[in-house]
Amino acid sequence: MRAHLCLGLSLSLCAAAASASQVHDVKGVEWGDVLNIRASASASAPIVGAIPYNGRGVDVVGSAAGGWVKVNYRTVSGYVSAKFLTPARDDNAPLPTTLACNGTEPFWTISISPKGTTYQFQDEAKEPMALGAFTQASNRNDGWMAVGGTPKAPTAAVLSRAEACSNGMSDEMFPYSITAKIPNGGVVSGCCK
């Protein structure tokens, strides 16, 4: 039956239809807004459904001209602009070994890597931050914690996967949120990538 369907389709659409669907998540849609699903591959086509700004599990089942893809989302089939989709993240994937974290008020950065962890406030010099290895939560696969330092200057960091963490400085959305107790005793919250 697939051969009959492919007779009227372009070669690229037929190849996409023949392959397994690929699961994607929504990206780049403003918080609280939706990604419209259209009846055809055009911004002026009728809207047949919508995917939330943080929607996950969008099956891409084919491609179309002009950067559009055919999708199935829950019970709706239609077309969306491919620029608003990203391959689905694997919630069982391990935490990356290198992370760049930052936040505002005051501006700060924390860099986590196998070589060690550092933190920095605004234009001050980078300082080492003694932090042990991250341990994954035993009852969830999207949260980790690390502790370190000394009894007089304890440090800690809690990381979690975020649907869309905003650092308050740009439109970029980050995949991880962080809350950290730094050596000077302060606590900061922000985002990591």
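If you take the residues in segment 98-134 that are under 30 Å from G55 (Cα atoms) and among the small types (G, A, S), which one is nearest to the chain's Cα centre (by Cα)?
That would be A100.
Please verify whether V29 is at pLDDT 85 or above and either in a strand (DSSP E or B) or in the same structural domain as D171 (by TED's automatic domain parsing) (or both), treating the condition exactly as stated.
No; evaluated as a whole, the condition is false for this residue.
Which of the numbered conditions does V23 fail, given that it passes all the others? Conditions: (1) more than 22 Å from R161 (Cα to Cα); (2) at pLDDT below 90; (3) in a strand (DSSP E or B).
(1)
What is the one condition in (1) within 25 Å of Y53 (Cβ to Cβ); (2) in contact with a Lys or Arg (Cβ under 6 Å, 6 or more places away or on another chain) that L95 does not satisfy?
All conditions are met except number (2).
Restricting to segment 32-58, what's the tally of residues that are assigned to a strand (DSSP E or B) and surrounded by fewer than 18 Cβ atoms within 10 Å (Cβ to Cβ)?
Of the residues in segment 32-58, 5 are assigned to a strand (DSSP E or B) and surrounded by fewer than 18 Cβ atoms within 10 Å (Cβ to Cβ).
Scan segment 122-145 and tell me whether some residue there is surrounded by 12 or more Cβ atoms within 10 Å (Cβ to Cβ), modelled with pLDDT under 85 and within 14 Å of T109 (Cβ to Cβ).
Scanning segment 122-145, I find no residue that is surrounded by 12 or more Cβ atoms within 10 Å (Cβ to Cβ), modelled with pLDDT under 85 and within 14 Å of T109 (Cβ to Cβ), so the answer is no.
Going residue by residue through segment 168-185, is there one that turns out to be over 14 Å from N102 (Cα atoms), touching a strand residue (DSSP E or B) at 6+ places or on another chain (Cβ under 7 Å), basic (K, R) and surrounded by 15 or more Cβ atoms within 10 Å (Cβ to Cβ)?
Within segment 168-185, not a single residue is over 14 Å from N102 (Cα atoms), touching a strand residue (DSSP E or B) at 6+ places or on another chain (Cβ under 7 Å), basic (K, R) and surrounded by 15 or more Cβ atoms within 10 Å (Cβ to Cβ).
Yes/no per residue for (1) in a strand (DSSP E or B); (2) assigned by TED's automatic domain parsing to the domain that holds P175; (3) free of Cβ contacts under 8 Å to residues at least 60 places away in the same chain:
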position	(1), (2), (3)
S63	yes, no, yes
G66	no, no, yes
G78	yes, no, yes
K83	no, no, yes
T109	yes, yes, yes
I112	yes, yes, no
A133	no, yes, yes
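Please determine whether any residue of segment 40-48 is assigned by TED's automatic domain parsing to the domain that holds M173, hydroxyl-bearing (S, T, Y) and at pLDDT 90 or above.
Within segment 40-48 (the criterion being assigned by TED's automatic domain parsing to the domain that holds M173, hydroxyl-bearing (S, T, Y) and at pLDDT 90 or above), the answer is no, since none of the residues qualifies.
Of all residues in segment 58-84, which are in contact with a helix residue (DSSP H, G or I) (Cβ under 7 Å, 6 or more places away or on another chain) and either closer than 16 Å to V34 by Cβ or not aliphatic (A, V, I, L, M) (or both)?
The answer is G62, S63, G67, W68, S81, K83.
The values are calculated or read from the model by the stated rules, or taken from the named source; none is laboratory data. Just so it is clear, the model here is predicted, and its values are computed rather than measured. All Cβ positions, glycine included, derive from the backbone under ideal geometry; neighbour counts span all protein chains shown.
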